[in-house]
1. Could you list His96, His204 so that the one with the fewest beta carbons within 10 Å of its beta carbon is first and the one with the most is last?
2. For the pairs Lys34/Lys125; Lys28/Lys221; Lys75/Lys130; Lys142/Lys181; Lys28/Lys168; Lys90/Lys130, flag any whose C-alpha to C-alpha distance is greater than 19 Å.
3. How many Å³ per residue does the convex hull of the Cα positions in region 42-127 occupy?
4. Given R₀ = 25 Å, what would the calculated FRET efficiency be for Thr69 paired with Asp117, taking r from the Cβ atoms and rounding to 0.05?
5. Could you let me know the centre-to-centre spacing of region 55-85 and region 106-145, using Cα atoms, in angstrom?
6. For n ≥ 4 DSSP H runs only, could you compute -39500 (n - 2.57) per run for the chain, divide by its residues and tell me the 222 nm figure to the nearest 500?
7. Measure of size requested: the Rg and Dmax of region 132-193, with Cα atoms as the atom set and Å as the unit; please supply both.
8. Is any helix in the chain, taking whole DSSP H runs, at least 18 angstrom long along its axis by alpha carbon and on average at least -1.0 on the Kyte-Doolittle scale, and which ones?
Amino acid sequence: MAKLTNKKKITKQSAVVDWNTALRPLLKRYRGRKHPLEYQNAYQLIVMIVLSARSSDAIVNKQAPALFTAYPDFKSLSKADPESLYPLIKGPGYRHKAEYIIGIAKDVVDTGTIPEDIDGLTQWKGFGRKSANVYMSQMGLKAEGIIVDLHTLRVTPRLGIATSDDPKKLETELMEKIDRKHWHQAGMALTFLGRETCRPTDPHCDDCLMNPVCGYFKEQK
Ligand code: SF4
């Protein structure tokens, strides 16, 4: 089991790291990597982001085609009954998710627009900062934050770049350490690092391109 045995020590070691420089190889590795959600447009991305909460991108990718055949846009979804969505979006929290995506569709139809900032996007029920940051990153909108998901919460304390267990606080720590121009890319890259290399119980440290600056790796040596 890979545990952080000395979080304070890791943080102290990592305080001297210039993270904008240290993250360069990671940003390079994942530059241009497509998001695992297989969306075709903003409508599909928003719906799939909501459905991916407490689920997996792979499951959402399987469910989405039937959902989008039945409800191809915000207008058709805004007129749906929640119950009619249940068979199409089965999984954790499906009742709430049905309400969330219908509510979002109604809002977009009513206002005639999709918000382009984090305040607007996070006014939707079921769409928090992580969701908004994913959407803004994929749409190329001006970064106002950094994606923090379960992977980020695991990877960044190991690296030593951030320490909080609270997603919002950890996001603030990252925003203080990383230049704004890298926020979108860094958020995605840290997530990919967690998905592919820095696994929960078996981090592949010897093969990790971040091991020269990683506090956890140094502590193990
Ligand atoms: S070296 Fe890489 S895989 Fe190992 S703990 Fe650090 S970030 Fe994770």
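Bear in mind that the values in this text are calculations on the coordinates, not laboratory data. Remember, predicted model here, so these are calculated numbers, not experimental data. Glycine also receives a Cβ, built like all others from the backbone with ideal geometry; neighbour counts cover every protein chain displayed.
1. So the residues, fewest neighbours to most, are His204, His96.
2. Over 19 Å Cα-Cα: Lys34/Lys125; Lys28/Lys221; Lys75/Lys130; Lys28/Lys168; Lys90/Lys130.
3. In region 42-127, the Cα hull volume divided by residue count equals 83 Å³.
4. 0.20
5. 18 Å
6. Counting only the DSSP helices, I get -16000 deg cm²/dmol.
7. 10.4, 30
8. Span-like helices, by this rule, are 57-70, 94-111, 183-196.
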